[in-house]
Structures are given as structure tokens and as C-alpha cells.
Amino acid sequence: MDVVSVSVTINDISRAAKVSKAVVSKVINNKPDVAPETRKSVLKVIDELGYIPNARARELSLGTNSDITVVLPSDNTAYIRLLFSIYRILSAHNYNVTFHITDHDKEKESGILCSLRGKYLRGLICFADPDGDGGACSLIEKIKVPTVVLGDGAGFDGFKRVFCHERDMAEALASAMKER
């Protein structure tokens, strides 16, 4: 038997409860200006339909975001260890961490950075490729998000830099991201 997952929306709840989307939103967000009977009715419909709030949609509607992207020049052991440290610390602060590996390929790195321009990100952590020429700098500036550059690659003047022992790196990153 195939199982089809259908997301229940505020529109569905609104129709079933015979109230406006605004009322449903107020109930979901626990706003006080909803009559007790209406609140009870909407909550019953929410339960019956199995509504699960979509965190991504909520972030977009509130104009907030918790996505941080990490760009790595390779998948060698040192970078992966740092990535796990970064993930462990930032996810504990409720950030969503995604990562991309460039394989020291300038075109691939450019493609990744260009694709991030259209995304709504909370921040970017970019490892300065020691083999690179600093060409990523202008692309990163165009993304217009808080950026932390790790390492000492060419052309990254003006970016927030983090220099510390590896075991302290993730904590330093969390602190730097919080500052912005």
C-alpha cells in the first residue's frame, strides 16, 4: 500500500473550522484576541486534521531564518572534523547547517557561491582555499549575509576572521554569528 503524505495548511483548517486564516494564525500563535469557543473549535480541527506547523514557512513569514551554509575546499579529515564541530555547536543554537565541498575547483566554488545569492541565509562560513586566488571574495560580498572566513586565503580582507585552536573553532564561530 502506498502512503501519500499531504500537508495540512492554514487554508484547510480555516475552511474546516469556518473561520478566517487570520483567526487560525492567531490560534496557532497563541494570540489572546480569539474567543474561547472559537479557539477550542480551531484547536479541535487542527487536531483532527493532524496539522503540523511548517518551521520553514514560519521563518519566511516572520522574516527570520536560521540557515547557515558552510563552504569547504575539500573533504579531507581536518575540514570534516571542523565541520562536525561547527554543526554540533550551531545546531545546539537551533541553526540549520548545510555544507558544500568545492574540491579546490574555482568554477565549482563560484557556482556554489552564485547559487547562494538567491537564498535567504542567516550566515555563511567559508574556508579560504589556501590554493585559491581570492576570487571568491567578490562573490561572497554579493551574497550580503554575515560571513565568517576561516583560514588565510588571498583576497579576504574586510571579512570577520576567526583564528583559534581547532577545539575552540566552533565556539568562536557561534560567538561570531551571534554578534551579527
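Both the radius of gyration and Dmax for the stretch 16-55 are 9.4, 27 Å, in that order, over alpha-carbon atoms. Using only the Cα atoms of the stretch 66-107, each taken as one equal point scatterer with no solvent, compute I(q) by the Debye sum, divide by I(0), and report log10 of the ratio at q = 0.18, 0.29 Å⁻¹. Relative scattering, expressed as log10 I(q)/I(0), comes to -0.51, -0.98.
Values in this text are rule-based calculations from the coordinates and carry no lab data. Just so it is clear, the model here is predicted, and its values are computed rather than measured.
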